[in-house]
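What follows draws every value from the coordinates through simple rules; no lab data is involved. Note that the structure is predicted; figures quoted are calculated from it, not measured. As a convention, Cβ positions derive from the backbone with ideal geometry for all residues, glycine included, and neighbour counts pool all protein chains shown.
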Amino acid sequence: MKLPDNIRIAINSTAYYILSYLFVFIVHQTATILASFFFDYNVQVDYSKIFFMVSRYDWYFDSVKIIFSAGPLVCLILSVFMIVVAYRYKEYNGSLKLFFLWGFVHSISIFLGSAYAGALLGEGFGHVLIWMFMPDTGKLIITLISLFLLAATGFALTRTFLLSGNIYFNLLETKNRLPFIIFQVILPFLIGSLIIIAIRFPVDLYELLRILTPVFVILTVLLSSFGFSVLYFDENPRTIKINGSLVAAALIIYAVYRIALHFPVTI
């Protein structure tokens with residue numbers, strides 16, 4: 001049975017969503033591990049978490065500050081790279097630009113998600129705030145600023161997401177704009193998040209919030225997309241089909257990652 005075009009769009013975008021998340025997550029974890037080496041801390045790594053094999057008495061402010069902020073800060077730097085590439089090729093009709101567009105969403109979400117989730121729960125980046133003796137008012141301000149910046153990011157990304165319609169269409173009209181946003185953006189976020197949670201299960205509340213943080217970006221993309229007029233791309237013929245190699249790569253890479261790190265590795 002032939003799949004509807006919208007389902008094909010959703011499958012391709014979901015594959016890019018989960019692939020870019022894994023890339024960003026690995027970069028984040030690698031930065032955290034390298035920062036721990038700076039203090040000669042041993043760690044255990046599995047598919048979901050980093051376990052620090054350190055006595056509570058061996059922690060001090062510099063180690064907490066550098067280790068728990070390294071991952072989010074590297075993600076901030078990575079987000080700049082991702083959005084530069086995505087924006088540079090926004091008018092290119094190849095689908096690879098979705099990897100960088102979703103990669104930016106994941107990078108900035110991990111950075112800002114670490115800030116507000118850490119401020120709320122005292123986990124991850126929250127340890128830095130605790131060691132800084134930051135009052136509850138300061139944590140509330142960090143949370144509000146983070147959520148505001150996520151929403152602002154969504155507004156700024158709306159046009160770029162709409163321009164990604166040139167992968168499949170010659171123009172994006174008012175009548176097909178909402179279905180496109182649903183299948184190119186909304187469903188990949190929902191399905192991709194469920195897949196990521198299933199692969200990383202069990203996840204604690206801090207990690208769950210970081211995985212779901214893109215919702216603030218996605219919702220503002222949806223809301224602000226109604227303000228755009230018809231977008232014309234070009235007259236080159238398009239075919240909407242599932243990128244089989246992309247989907248296969250996503251499945252294989254995630255399977256290898258999950259199996260390889262099923263048992264913790266001590267470093």
Cα centroid distance between the range 162-179 and the range 47-111, in Å?
-> 30
Going from the fewest other Cβ atoms within 10 Å to the most, one would list VAL43, VAL247, VAL80 as VAL80, VAL247, VAL43
Relative to the longest principal axis of the C-alpha atoms of the chain, give the angle of the C-alpha long axis of helix 97-121, reported between 0 and 90° and rounded to the nearest 10°.
-> 40
Which semi-axis lengths, in whole Å and largest first, follow from the square roots of five times the eigenvalues of the Cα gyration tensor of the range 95-175?
-> 36, 13, 6
Taking a ≥ b ≥ c as the square roots of the Cα gyration tensor eigenvalues, with a/c under 1.5 meaning rounded and otherwise prolate when a/b beats b/c or oblate if not, the range 168-267 comes out oblate
How big is Rg to Rh over the chain, alpha-carbon atoms, Rh as the Kirkwood inverse-mean-distance radius?
-> 1.01
How do the peptides 64-70, 98-104 rank, highest first, by the average count of neighbouring beta carbon atoms within 10 Å per residue?
-> 98-104, 64-70
Relative contact order in percent for the range 5-260 (Cα pairs under 8 Å, 6+ apart) equals 28
Would you please classify the overall shape of the range 1-151 from the alpha carbon gyration tensor, given that a ≥ b ≥ c denote the square roots of the eigenvalues, rounded means a/c under 1.5, and beyond that prolate means a/b larger than b/c while oblate covers the rest?
-> prolate
Measuring from the longest principal axis of the C-alpha atoms of the chain, the long axis of helix 214-224 (C-alpha) lies at a number of degrees, nearest 10, equal to 30
Rounded to the nearest 10 degrees, the helix 136-163 long axis (Cα) sits at an angle to the longest Cα principal axis of the chain of 20
Helix-only [θ]222 nm of the chain, DSSP H runs n ≥ 4, -39500 (n - 2.57) each, per residue, nearest 500 = -22500 deg cm²/dmol
What shape does the range 124-230 take by its C-alpha gyration tensor, where a ≥ b ≥ c are the square roots of the eigenvalues and a/c under 1.5 counts as rounded, a/b above b/c as prolate, and the rest as oblate?
-> oblate
For the chain: lysine pairs with Cα atoms under 28 Å, gap of 8 or more or different chains, count?
-> 11
